[in-house]
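The values are calculated or read from the model by the stated rules, or taken from the named source; none is laboratory data. Treat the numbers as computed from the prediction; the structure is a model and nothing was measured. FYI the Cβ positions are ideal-geometry reconstructions off the backbone, even for glycines, and counts take in every protein chain you see. Side chains are part of the model used for accessible areas, which takes the heavy atoms of the whole protein and leaves out ligands, DNA and RNA. Shrake-Rupley method; radii C 1.70, N 1.55, O 1.52, S 1.80 Å.
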Amino acid sequence: MLLKQFISAVLETLLKHLLFLFQNQPMSAKYQCLKGKVLRLQLAELDTPIILIFSEQQVDVLNAWNDIADCTIDTNITTLLFLDYSNHQHVTQFLKLTQGDQQILQQFVTLLKIVGWDPAELLVPWLGDIVTEVILRYFIHQVYGIKQQLRTFQDRITFAITDEWRIAPSSLELTFFNQKVNEVTLAVEQLAACLDKL
């Protein structure tokens, strides 16, 4: 719950900053394309989506929206925060995550690229430079550690499954084993019959 409120607050702060910049003439023309559009962010870390509604005077940040969004993005927080908007390849990979009208996301990314925002800028006024840097480095380190642990866990599961598959006998091996058991049983019965005769 706290994470959801934090993300909503960061997005609202960012969007207020963007709206302040949109009031100059070149940015205002770019923002006109987004008016009346709905952008839905479905983050893997949150159970409810974040919906951005672009209106004439403001951008509303909501957690629920009954109508269909014009553009939906399924991603995670780290991809969203550390997306390099100046790198065309990163943006292209990000656009592959969208459903619906990709032009809405392209226009939004273009506005973010023009503004050139940094996640640290949002935290600096409240926490200071050093604390913000430490928190962001710690966050990146933790995310990297979690990714490494998940990768290791996935490798172990994969190895366990393939090892189990290798150890488990195939149907042909089971048939061969049953034939050998039958042959040994027959040989024991013949030996027992010979011993009885003696």
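In this label model, residue 101 and residue 64 are separated by 2.6 nm, measuring between points 7 Å along each Cα→Cβ vector.
Of the solvent-accessible surface of region 107-198, computed with a 1.4 Å probe and all protein chains present, 65% belongs to carbon and sulfur. Using 0.36 nm per residue and subtracting the Cα-Cα separation, the extra length available between residue 172 and residue 120 on full extension is 12.5 nm. Summing charges over all other residues whose Cβ lies under 11 Å from the Cβ of residue 144, with Lys and Arg as +1 and Asp and Glu as -1, gives +3. Annotation: peptides 153-165, 133-145, 38-50, ranked by per-residue average of other Cβ atoms within 10 Å with the highest first, follow the order 38-50, 133-145, 153-165.
Only aspartates and glutamates eight or more places from residue 147 in sequence, or on another chain, were considered; those with a Cα closer than 13 Å are 155.
You can think of it this way: the chain between residue 139 and residue 163 has 5.1 nm of extra reach, that is 0.36 nm per residue less the Cα-Cα gap.
Electrostatic tally near residue 38: other residues with Cβ closer than 15 Å to its Cβ, Lys and Arg +1, Asp and Glu -1, net -2.
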